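Asker: Below: one structure in structure tokens.
The values are calculated or read from the model by the stated rules, or taken from the named source; none is laboratory data. Nothing here was measured: the structure is a model prediction, and the numbers come from that model. Because the Cβ atoms are built from the backbone with ideal geometry, glycine has one as well, and the counts that use them run over all protein chains shown.
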Amino acid sequence: MNFKPETFDIQLERYTYGGETLGRLSDGRAVFVPFGLPGERVRVRLTEERKNFARGEIIEIFETSKDRIQPRCKHFGECGGCHYQNLPYEKQLEIKTEILRDQLTRIGKIENPPVQRMVACPNPWNYRNHIQFSLSEKGKLGFVRASDRPSPSKDILEISECYLPEPSINDFWPRLEFEPETGIERVSLRTGQEDDLMLMLESGSLEPPELEIEAGISVTHNYEENTVVMAGNDHTFISVLGRDFKVSAPSFFQVNTVMAETMVQYLLDHLPITQASRALDIYCGVGLFSAFLAPKCRRVIGIEASPSACADFVFNLDEFENVELYEGLAEDVIPHLEGKPEVVLVDPPRAGLEKNVVDGILNLKPQVIAYVSCDPSTLARDARRLIEGGYKLKQVTPFDLFPQTYHIESISMFEAK
């Protein structure tokens, strides 16, 4: 939609999910503004206009919130990676907890949702074991800009610093150089045990790019489901609570290792499992949760669609005789399962659970459902479905896996009524 950018002076009212703050235009329409804080009076330039709402960017702050602090990174405000560096960490935790509660109330229609205090990350900087860069036209590493202004192509902000990756990644990435127009779409780095580094290149071509490879790191080229090893190995190992997990280049793994340990321990402490229990781990990935459930249960069944993650799961849980794995979409596998698990654990992608998956879980009638979520809006939608299907939401515990950003991880415990 073409429009002439307009400026408005508005009062910012409250935080919303997605890293924006809500204000209102003179006609009553909501306007969503990144990097603003409630209570601030600001001048905004509209970047998008719709019938019922608009988006804008701050061009001047007239009244500054007492909560505002100086961001650590010089790219904050331009880079789309961080949203809350202008707030003290304790305030970030409060905001995310309230946003989670609001989403469950408004979308899930849950009155007084049992949201606990957010579990803080002990190191709110340099916590990511995996970081993904985009390349600018000049071949420089960067991230998508924060600007909401509609654009035919994503505008890449070239960066010279970032305070989210673990130190071994941060020491290495500034030394990477690529020729312009290489065809590489994304550049990822993952760190494992003893700072073992893996460089993963993604492109739209089956042909690996030409690259001068530094000794001592693994390099892979990923095209769709194909992985070509250019140096070293196609995997690394990440240790969680003293247990090693093989993680191949295309496989998903929690990006915050310390908080992954915290979530695993939480599940072990709160799931009512015994040596007679049967547990179903849907979207089981490389087996992070299954590996800790297996010694405590009679039977563990994993479901995972990613071939790479399935291969890692088999490797990581090879020692257990009581574990089964089904490779396929959850909605296709669940109707064919034999027996009824007492415990179901789900860790879906950001889109949440397909309706057929919810229906399949309800048909299994487990005693307890543990829902690991990375998106409070889809969690709220699915929680409403589970409650309507005969479950009570007992507890929601948020975990701050992504400090400085708006992302909210949580574990919700549902019990059969």
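Asker: Run down V300, V228 and say which single residue is at pLDDT below 95 and farther than 17 Å from Q193 by Cα.
Answerer: After ruling out the rest, the residue left standing is V228.
Table: residues versus (1) surrounded by fewer than 21 Cβ atoms within 10 Å (Cβ to Cβ); (2) of a type in the set (F, W, Y); (3) in contact with a helix residue (DSSP H, G or I) (Cβ under 8 Å, 6 or more places away or on another chain).
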| site | (1), (2), (3) |
| --- | --- |
| E207 | yes, no, no |
| L211 | yes, no, no |
| H235 | no, no, yes |
| L241 | yes, no, yes |
| V247 | no, no, yes |
| M259 | no, no, no |
| Y266 | yes, yes, no |
| L280 | no, no, yes |
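Asker: So in segment 339-383, with the set limited to residues that are hydroxyl-bearing (S, T, Y) and in contact with a strand residue (DSSP E or B) (Cβ under 8 Å, 6 or more places away or on another chain), which one is farthest from K394 (Cα to Cα)?
Answerer: S373
Asker: Now for a separate question. Among the residues of segment 55-69, is any free of Cβ contacts under 8 Å to residues at least 60 places away in the same chain, within 30 Å of L393 (Cα to Cα) and of a type in the set (D, E, K, R)?
Answerer: Looking for residues that are free of Cβ contacts under 8 Å to residues at least 60 places away in the same chain, within 30 Å of L393 (Cα to Cα) and of a type in the set (D, E, K, R), one finds none in segment 55-69, hence no.
Asker: Let me confirm something: among A294, A279, which residue is touching a residue at least 24 places away in the same chain (Cβ under 8 Å), of a type outside the set (S, T, N, Q) and under 13 Å from A370 (Cβ atoms)?
Answerer: None of the others qualify; the one that does is A279.
Asker: C310 is checked against (1) farther than 26 Å from T274 by Cβ; (2) out of contact with any helix residue (DSSP H, G or I) (no Cβ under 6 Å at 6 or more places or on another chain); (3) assigned to a loop (DSSP other than H, G, I, E, B) and fails just one. What number does that condition carry?
Answerer: Checking C310 against (1) farther than 26 Å from T274 by Cβ; (2) out of contact with any helix residue (DSSP H, G or I) (no Cβ under 6 Å at 6 or more places or on another chain); (3) assigned to a loop (DSSP other than H, G, I, E, B), the one that fails is (3).
Asker: Got a number for residues in segment 377-398 being more than 15 Å from the chain's Cα centre (by Cα) and in a helix (DSSP H, G or I)?
Answerer: 9
Asker: Among the residues that make up segment 318-326, is at least one of them under 22 Å from I110 (Cα atoms) and exposed (fewer than 15 other Cβ atoms within 10 Å of the Cβ)?
Answerer: There is no residue in segment 318-326 that is under 22 Å from I110 (Cα atoms) and exposed (fewer than 15 other Cβ atoms within 10 Å of the Cβ).
Asker: Search segment 173-205 for residues being closer than 16 Å to Y223 by Cβ and among the hydroxyl-bearing types (S, T, Y), and hand back the single one that is surrounded by the fewest Cβ atoms within 10 Å (Cβ to Cβ).
Answerer: Checking each candidate, the answer is S205.
Asker: Cβ-Cβ under 9 Å, sequence separation 6+ or interchain: first residue in segment 366-382 and more than 18 Å from A416 (Cα to Cα), partner of a type in the set (D, E) and not in a strand (DSSP E or B). Which pairs?
Answerer: Pairs that qualify, where the first residue is more than 18 Å from A416 (Cα to Cα) and the partner is of a type in the set (D, E) and not in a strand (DSSP E or B), are S373/D347; S373/D382; C374/D347; P376/D102.
Asker: May I ask you to say which residue of S134, S160 is part of a loop (DSSP other than H, G, I, E, B), outside the structural domain of P403 (by TED's automatic domain parsing) and closer than 30 Å to V219 by Cβ?
Answerer: It is S160.
Asker: Check segment 171-179 and report whether any residue there is among the hydrophobic types (A, V, I, L, M, F, W, C), in contact with a Phe, Trp or Tyr (Cβ under 6 Å, 6 or more places away or on another chain) and either in contact (Cβ under 8 Å) with a residue 40 or more places away in the chain or more than 27 Å from L93 (Cα to Cα) (or both).
Answerer: So far as segment 171-179 goes, no, none of its residues is among the hydrophobic types (A, V, I, L, M, F, W, C), in contact with a Phe, Trp or Tyr (Cβ under 6 Å, 6 or more places away or on another chain) and either in contact (Cβ under 8 Å) with a residue 40 or more places away in the chain or more than 27 Å from L93 (Cα to Cα) (or both).
Asker: Give the residue that is farthest from the chain's Cα centre (by Cα), with candidates limited to residues of segment 361-376 that are surrounded by 20 or more Cβ atoms within 10 Å (Cβ to Cβ) and assigned to a helix (DSSP H, G or I).
Answerer: Of everything passing the filter in segment 361-376, I361 is farthest from the chain's Cα centre (by Cα).
Asker: Next question, about the same structure. Being touching a strand residue (DSSP E or B) at 6+ places or on another chain (Cβ under 7 Å), farther than 22 Å from Y266 by Cβ and touching a residue at least 40 places away in the same chain (Cβ under 8 Å) is the filter here; which residues of segment 97-136 pass it?
Answerer: N126, I131, Q132, F133, S134, L135
Asker: In this structure, is F320 touching a residue at least 12 places away in the same chain (Cβ under 8 Å) and assigned to a helix (DSSP H, G or I)?
Answerer: Here the answer is no, as F320 does not meet what is asked.
Asker: Mind telling me which of the residues G77, G36 ends up being among the small types (G, A, S), outside the structural domain of L141 (by TED's automatic domain parsing), in contact (Cβ under 8 Å) with a residue 60 or more places away in the chain and within 27 Å of P122 (Cα to Cα)?
Answerer: Within the list G77, G36, the selection yields G77.
Asker: Then there's this: Quick one: in segment 57-89, which of the residues that are in contact with a strand residue (DSSP E or B) (Cβ under 8 Å, 6 or more places away or on another chain) and of a type in the set (G, A, S) is surrounded by the fewest Cβ atoms within 10 Å (Cβ to Cβ)?
Answerer: G80
Asker: Residues of segment 330-348 being within 7 Å of A279 (Cα to Cα) and either free of Cβ contacts under 8 Å to residues at least 60 places away in the same chain or not hydrophobic (A, V, I, L, M, F, W, C) (or both), which ones?
Answerer: Result: P341, E342.
Asker: Among the residues of segment 149-167, write down those that are at pLDDT below 95 and crowded, with 18+ Cβ neighbours inside 10 Å.
Answerer: Selection gives I156, L157.
Asker: Same structure, new question: Any residue in segment 392-403 that is of a type in the set (F, W, Y) sitting within a Cβ distance under 6 Å of a residue that is part of a strand (DSSP E or B)? List the pairs, counting only those 6 or more apart or interchain.
Answerer: Once the first residue is of a type in the set (F, W, Y) and sits in segment 392-403, its partners that are part of a strand (DSSP E or B) give F399/V119; F399/E409.
Asker: Does at least one position in segment 164-182 carry a residue that is basic (K, R) and in a helix (DSSP H, G or I)?
Answerer: yes
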